[in-house]
Amino acid sequence: MSGATLETGERTRLLVGGVLVVVAIAVLSTTVFDLPVADILTVGFVERLLQAASPIALAAIGGLYAEKSGVFNIGLEGFMIFGAVTAASVTFLLGGEGPNQADLWVGILGATVVCTLFAFAFAVLLVRYQANQIVAGLAVWFVGLGFGPFLAVLLWGNRNSPGLTSMNDLTVPVLSELPVVGPLLFDTSPLVWLAALVAVAAWVVLFRTKYGYWIQAAGENPEALDTAGIDVARVRYAAVVFSGAMAGLGGAVLMAHAGSFTGTGDTMVNGRGWIAIVAYLFGNYNPIGAAAAALLFGGLDMLQIQFQTAGIELPNRLVNLFPYVAVVVVLTVWGSTRMPSAVGEHYESEE
Amino acid sequence: MTGTTQPPAVRMEGITKRFGDVVANDAVDFTLERGSVHALLGENGSGKTTLMSVLYGLYEKDDGDVFVDGERRAFDSPRDAMDAGIGMIHQHFQLVEPMTVLQNVILGHEPTDGGLVDESSARERVVDICRRYDFDVDRYLDTPVRDLDLGARQRVEIVKSLYRGADVLVFDEPTAVLTPQEVDRLVDVMNELTAAGRSLVFITHKLDEALAVADEVTVLRDGEVIGTVDAADTTEQQLARMMVGREVLTERRPRERDPGPPRLVAEGLHVDGDRSREQVTDVDLTVHEGEILGLAGVQGNGQTELVEAITGQRSVSAGRIRFDGEDITGTSRRRRIRAGIAYVPEDRQTEGLVQEYDLVRNALLGNQTVGQFVTRRFVDWPAVRDHAEAIVTEYDVQPPTPDARAGSLSGGNQQKFIVGREIEHDPDVMVAAHPTRGVDIGSIEFIHDRLVALRETGLAVLLVSSKLEEIRALSDRIAVMYEGEFIDVVDPDDVTDEDLGLLMAGRRLDAESRAGSETDAAEDEVES
Amino acid sequence: LGGDGDGNGTGDGNGSGGGGGETTGVAIVSSPAGFDDNAFNDLALEGLNTAAEEYDIEINQVEETEQAQYQSTQANLAQSGDYDLIVLVSYNHTEALTQNAADYSDQNWMLINDYVDEPNVAGYSWANHQMSYLAGVLGGTLTTEELSGGGGSTTPDDAQIGFVGGVDGSLINAFERAYVAGAEWVNSDVQVNVGYIGNYTDTSTAADIASSQYDDGADIVYHAAAAAGRGVFEAAQENDRLAIGVDADQSVTLSDFQDVIVGSAVKYINEGTREVAAAAAEGNFESVAGQNTLGLEDEAVDCVIGQAYEGQLPDVALQNLEDAKSGITNGDISVPCTASGCN
Amino acid sequence: MTVLERLALAAASTVLALCIGLVVVAAAGYDPVAFLANVFEGSFGDASATARTLKFTTVLVLTGVAVAIAFRAGVFNIGVQGQFVVGGFVTVVTILWLAPMLPASPAAGVVLMVLGTFAAVVAAGLYAALPGVLKAYAGANEIITTIMLNFVATGVVGYLVEGPFRGEGNRAPNTARLPEYVSLPRVVFENPDFSVVGFAVALLVVALVAVLMVRTTVGYDMVTSGYQQAAATYSGVDAKRTIVTTMTLSGMVAGVAGAVFAIMIQGYYSDPAGIGTYGFDAIAVSLLAANNPLGVVPASLLFGGLDSAGSYISINSDVPVQLIDGIVGLVVLFVAAPELFRMAARRTGLGGEER
Ligand SMILES: Nc1ncnc2c1ncn2[C@@H]1O[C@H](COP(=O)(O)OP(=O)(O)OP(=O)(O)O)[C@@H](O)[C@H]1O
Ligand SMILES: Nc1ncnc2c1ncn2[C@@H]1O[C@H](COP(=O)(O)OP(=O)(O)OP(=O)(O)O)[C@@H](O)[C@H]1O
Ligand SMILES: [Mg+2]
Ligand SMILES: [Mg+2]
């Protein structure tokens, strides 16, 4: 296999470990609380898990590309907010309060385009003007938290959009009739499929195409790439713009599943951008791994909900912390991730 | 000016390159004839790398012209240079460590098939090149570069340039990190290359190599060309004189007094390397007072790990280390520094100096517990500054100010500062790893003098070097390391260079000892 | 600084109030959730706006989402002397007001959902527990009734409903406990799924929790999650089930979800703020000062039927609601928890 | 970068962000001139505004220094917010617990504040040491673990404030209030939630940290590790221990920040979900200051001023507060990119030397 997929064994162990943790917790708690596993691990649970994981996976894949190319984009949360609010805005502008599915799709597309543009401006600051990546990323978050809801206020006089429409499930005739697999795969949101597709495509591009090689080289040893005659800045621009576009898409997907934009408090994105960063680190910079990690976090979150539904009395505020604690524990027990060595370093080729 | 019918492969005229106030190249003329090797000599900071970087499109020249194959060219980027058939093997390798050898070789020039990288056709081409020039690179094409040793990495760099169709190859100090055997192989490679019509620039500090390999030699000093001579018509002495303006000799420095009692002793030492593979196996070592013990060996045979174990930067899996009879096996690096073990590290860039610090702050590095500079954890900066000034003056560090940023110094000057700092540390034991690597001849002599002086004052010195003449010139005894073990400890007067070469290749001297015989040592270096 | 707002009438000099010295200045400071919550911040503001239609009132809407700043925000407003009344939304203001009500004894304050024992403070609380109890009665009744009028339906054969709360704390726990009690009053076998989001903004998680409950067999889900509650309605539409809104008649405020909102537990916060603003404008703040807990008796809370379900619900549901109301008012029914939460 | 350049950078970033903000303000139909006037009045317009600015500055200085310590040593402590929360909570709990044991008097107040702060320093130091240990001895990336531990701190303290530590009879999820005599004296400024003493404490911490970093070997070891780990190891620095030391020190300062916030500003503790993001803002502060403890002071003043203007504007104007948040975000964004202004300066011939 490709030697560029770093420490494959370690990564696999990490993910397998994570999945084992989830399953173990599920099984353990069902026995402790004397509940049938079937009540917890329902088809609906998996369905929600997939939907919850999609936006995180998309943003994570974007962030992964940026970081692989040597740029730490911790502004994913901000881009997701922009993605969600622009998707809602465009959908609304097209279809008013009763938009149809086509409007929603255009909204998602519009959000991706707008975030691509924002990401380009961000990339110019990072790559050309050598902005500090951590501060600039935090700034994008602040800007998103500020201007995202502000845009909503301008448009709707309220930080929350009116109810728009949510993405309909894509039902494949016949196949959707299959037990378990049917409703999960063939009667689900097309955006879940989109996310899966993006994950696979991102993996292929990163590890099987020359652009992927360049991205990896830009993040590990930009000078080597430069001396190979490839413009490091352009590679990084592309990766950062892609990361913004994917995070924006992730936000749009979140909005499309919810059917409206919520801009109060930490907005509807509510930390998913941060989880996305954790997801790709957890997936050890592998798009598939990142998607799997997103599933893991989606799973933990939904599991927690299943527990509540099943009537397990737990202090909810503490239970909600479970994914965060799990991240710390798993990182500690299953070892470290290795950042690309040139992350955060500006590269200027001598001209 | 040239009488050949063919235009020269490269012709550079009046090249000037400034960095701020520094004139790195001052109206330099340089001609590389087709199918020849042209050596570029000069002290540290004389502008060799800069000149070649201009050729390679890395630096934009301030003035002058570059002609390739008689055509006037201006390269904005390495890509342009590469397209014109110019390749450069850098002093610091330009490899992406986690990527495989194959991926590194084809980086930027990937053949594709339906959008995907066509690794199999790339592999064919690379294997082809390896066969043609007899490289072993094809044997580890799928190994990540980070698992390769320096010699192998260098060959990857060469293959990379050839893969890109380089016609002109610039080697920037390629031998600095190589063992004698590897140097021999490199020389073979260079001969193959010129035989195939390639033209080579060979930057080195080693006069004998320059004379052995090159057809022509150009000497730079302070950014200016001192002269270009035919290798056949010149001598080492003459070149040395051109470089430094005086004669330099490396001659044997036997000790003037008998060695005293053992100071540094290692018994049955086992040390693991980075990938938790045992790199040092059952080594016994004794360095006496007033003695220089030379540690020779092909790089990657455990010298680094042994030195790190002795200096306290790496833990020992078995065995004892004693210093003046006291067991120091488990003690921290800091305690050993305090006990008087000074260390000139192998890697001056990342270990020996903090690049972003000025020399004042670098002077405190390793001296954080020295009472002269520190009282109860508070640093006496004026005292440190005086100390730095003293080192700079005494060891002729350029520029002669302690306020210079370490990273702005040329490699040789960095090394001089480190050596100075470690010697001024007033140690009892000096561990010096490659103390003159990349250092110009004048400074080499100076550093050698210092090491010898240390010995004469009764220090125990452990010298690690890949330069045989250095080992031979300074050592009172030579230990040869091979695959983590001491294969032999010999008296420098009793062995020839060939003998040492054989030992380093793993042949014991009592076996058949024919100098220059084929060795299989190189085959093992990949895995280390 | 100028005269520390000596009651009403002296709101002079500041900019716009051209029409005589009669303009009543009212400031409203949000809770940490901020305005646009479709819940009590917005409702409180709405009441002021209603009052402004009747009286010459100028409203300054101040959003401050950091609790630690309330002390200085309140003090700054009081110091300015421009306001005859300062409305503070939510008990997050209580600690700061304890200090400021005494420090600015000439300033009139209205504190929503809590009370500070000073003559210049009007504390208003609404009986969340009572309206939630009624929501429970509605849910508990309908879960065993055949109902498929609008967008959702029930499964009459099993009695199961759900509750989605915002933050798991005593405030929302009171909603939950009363809701469960109301449902059990109707049907002691009823099963209630309970889930908490952890905040008041994450619509997606709200929808996930509700879906999980619908999956598990719940027919009707009541939410107490402010803006995030919209997710519950989304889930109801998605799963063809029903939901009960909170605070306002959400079948009106979120009319897109009319088809699934069978009813809403409402409290007329707007009535309270309107009343106090009017009192301030008329110069008799004393009439509203003190601790006011508004419940069923005051017709300040209720459970109303959703727009699309008016006249559609089985009589038994309406009957049960009526019975519960009178039971609560005459003391036959004791609702767990109080307006201030559970202990 | 020289001090002068840094100041110019801060000024240019603010001006540019404000300009963009003004355009947005105008485009959204508000009065930009009035808005600008409000920004100045709200930050330094009068004694009360100045006090409010200094209040924010005080906390930002402390959290900023906490970040600076870690970043200087090459450890990315993104968890200052969490450590700040832990510190503040522990301060309140400690004081409330000890208060009944002492007679109510100003002297007891001082003792309690010192003990409370000490407890905060210990607790926050330990809370920061945890990711330090995990990084040093288990290789767990501290950026992730500290972000996660922020969530954990907020959640757990939120739970404790809501439940076990809720003050008696409190409707709101708040702890009980600190006794009246446990408060910093009001000198110079009258504001109830700002005391010059708190600001002085912040400056004292800055001075101590500056001396530690520049004058002591502990500081030298930390900074050297930050620049070049291999060199530090070579010089006898124990890399793992230094990571833990760094995180602990950073957390300790964050603990002081938490204590000052709890004692000076709030006087009790509330759900941290509603407490300002001082620990995140501190990252921008620290980077604007090039992670130099002394530079943190003016950098905090800038951000404190903007925060203060935000509070003022939310009271005195109709412009939605989100806009101010957005503008602060823009300031941070531009602060992150000094090169932008350097290039602009070069292009316009205003100076800025070639690098
Ligand atoms: N990028 C740079 N920026 C500033 N100064 C530089 C740069 N590169 C080289 N110099 C300076 O230019 C001069 C020539 O350096 P160069 O690297 O060409 O020397 P060299 O002959 O290759 O030395 P060495 O033998 O030590 O490698 C030195 O004074 C060096 O400090
Ligand atoms: N106490 C001192 N006495 C004398 N020189 C000192 C002292 N402290 C630091 N220096 C020197 O002063 C310079 C500045 O040191 P300082 O630690 O303040 O760096 P800094 O301004 O933080 O630098 P940077 O921001 O570039 O890291 C350095 O050259 C250092 O060697
Ligand atoms: Mg060089
Ligand atoms: Mg039912």
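The values are calculated or read from the model by the stated rules, or taken from the named source; none is laboratory data. Because the structure is a prediction, the values reported are computed rather than measured. Note that we place each Cβ from the backbone using ideal geometry, even for glycine, and neighbour counts take in every protein chain shown. Areas reflect the complete protein model, heavy atoms only, side chains present, ligands, DNA and RNA absent. Shrake-Rupley method; radii C 1.70, N 1.55, O 1.52, S 1.80 Å.
Couple of notes before you dig in:
- Residue tally, condition polar (S, T, N, Q) and at positive phi, over segment D:322-349: 0
- The listed residue being over 26 Å from C:A207 (Cα atoms) and either open to solvent by less than 30 Å² (accessible area, probe 1.4 Å) or within 14 Å of chain A (Cβ to nearest Cβ) (or both), out of C:G311, C:G290: C:G290
- Screening D:Y159, D:Y137 for residues that are surrounded by fewer than 24 Cβ atoms within 10 Å (Cβ to Cβ), closer than 27 Å to C:S170 by Cα and of a type in the set (F, W, Y) leaves exactly one candidate, D:Y159.
- Checking each residue in segment B:91-116 for being on the phi < 0 side of the Ramachandran plot, open to solvent by 20 Å² or more (accessible area, probe 1.4 Å) and of a type outside the set (S, T, N, Q) picks out B:H92, B:F93, B:E97, B:H109, B:P111, B:D113, B:L116.
- Residues that are open to solvent by 30 Å² or more (accessible area, probe 1.4 Å) and either within 27 Å of the chain's Cα centre (by Cα) or on the phi > 0 side of the Ramachandran plot (or both), drawn from segment B:8-28: B:R18, B:F19, B:G20, B:V22, B:V23, B:D26, B:A27
- Subset of segment C:155-175 that is more than 15 Å from ligand 4 (Cβ to nearest atom) and over 13 Å from C:V246 (Cβ atoms) - its residue that is surrounded by the most Cβ atoms within 10 Å (Cβ to Cβ): C:D168
- Within segment B:209-241, the set of residues being open to solvent by 20 Å² or more (accessible area, probe 1.4 Å) and closer than 20 Å to B:T49 by Cα comprises B:E209, B:L211, B:D215, B:E216, B:R221, B:D222, B:E224, B:V225, B:I226, B:T228, B:V229.
- Residues of segment D:286-342 that are in a helix (DSSP H, G or I), more than 10 Å from chain A (Cβ to nearest Cβ) and among the charged types (D, E, K, R): D:D307 alone.
- When D:G258, D:G279, D:G236 are checked against the criterion of being farther than 23 Å from A:G265 by Cβ and either of a type outside the set (S, T, Y) or open to solvent by 30 Å² or more (accessible area, probe 1.4 Å) (or both), a single residue qualifies: D:G236.
- 1 or more residues within 14 Å of chain A (Cβ to nearest Cβ): qualifying strands (runs of 3 or more DSSP E) within segment B:17-101: B:22-32, B:86-89
- Taken over segment A:213-259, residues that are free of Cβ contacts under 8 Å to residues at least 60 places away in the same chain, open to solvent by less than 10 Å² (accessible area, probe 1.4 Å) and part of a helix (DSSP H, G or I) amount to 4.
This table checks each residue for (1) open to solvent by 10 Å² or more (accessible area, probe 1.4 Å); (2) modelled with pLDDT under 95; (3) away from ligand 4 (no atom under 15 Å from the Cβ).
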residue	(1), (2), (3)
C:N128	no, yes, yes
C:S132	no, no, yes
C:S153	yes, yes, no
C:N187	yes, yes, no
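- Entry remark, segment C:90-122: residues being of a type outside the set (A, V, I, L, M, F, W, C), touching an Asp or Glu at 6+ places or on another chain (Cβ under 9 Å) and farther than 19 Å from C:T338 by Cα number 9 in total.
- For D:L306, the test of being within 24 Å of D:A47 (Cβ to Cβ) and surrounded by fewer than 21 Cβ atoms within 10 Å (Cβ to Cβ) is failed.
- Verdict on C:N173 being away from chain A (no Cβ under 14 Å) and either among the small types (G, A, S) or touching a Gly at 6+ places or on another chain (Cβ under 9 Å) (or both): no
- Residue check for C:D106: facing another protein chain (nearest Cβ under 8 Å), touching a residue at least 60 places away in the same chain (Cβ under 8 Å) and not in a helix (DSSP H, G or I): no
- Complete set of residues in segment B:336-359 that are of a type in the set (K, R) and either under 18 Å from B:S465 (Cβ atoms) or crowded, with 17+ Cβ neighbours inside 10 Å (or both): B:R336, B:R348
- Test result for D:A202, open to solvent by 30 Å² or more (accessible area, probe 1.4 Å), away from every other protein chain (no Cβ under 13 Å), among the hydrophobic types (A, V, I, L, M, F, W, C) and more than 16 Å from ligand 3 (Cβ to nearest atom): no
- For segment D:153-172, the set of residues classified as touching a Lys or Arg at 6+ places or on another chain (Cβ under 8 Å) and in contact (Cβ under 8 Å) with a residue 12 or more places away in the chain consists of D:G158, D:E162, D:G167, listed by residue number.
- Identification of strands (runs of 3 or more DSSP E) wholly contained in segment B:198-308 with 2 or more residues that are closer than 21 Å to B:E445 by Cα yields B:216-221, B:291-297.
- Flag for C:L85 being more than 14 Å from chain D (Cβ to nearest Cβ), buried (at least 19 other Cβ atoms within 10 Å of the Cβ) and either more than 20 Å from A:G265 (Cα to Cα) or small (G, A, S) (or both): yes
- Residue in segment B:323-334 that is within 8 Å of chain D (Cβ to nearest Cβ) and modelled with pLDDT under 90 present: no
- The requirement of being touching a His at 6+ places or on another chain (Cβ under 8 Å) and surrounded by 19 or more Cβ atoms within 10 Å (Cβ to Cβ) is fulfilled nowhere in segment B:380-401; no residue meets it.
- Tabulated pairs, segment B:446-472, first closer than 17 Å to B:A342 by Cα, second of a type in the set (S, T, Y), C-beta under 7 angstrom, 6+ apart or interchain: B:I447/B:T436; B:L463/B:S475
- Pick from segment B:451-475, criterion surrounded by 19 or more Cβ atoms within 10 Å (Cβ to Cβ) and over 23 Å from the mean Cα position of the chain (by Cα), ranking: nearest to B:E267 (Cα to Cα): B:A460
- Filter result for A:V204 (surrounded by fewer than 24 Cβ atoms within 10 Å (Cβ to Cβ) and over 16 Å from the mean Cα position of the chain (by Cα)): yes
- Checking each residue in segment C:61-82 for being more than 21 Å from A:G146 (Cα to Cα), facing another protein chain (nearest Cβ under 8 Å) and in contact with a strand residue (DSSP E or B) (Cβ under 8 Å, 6 or more places away or on another chain) picks out only C:L77.
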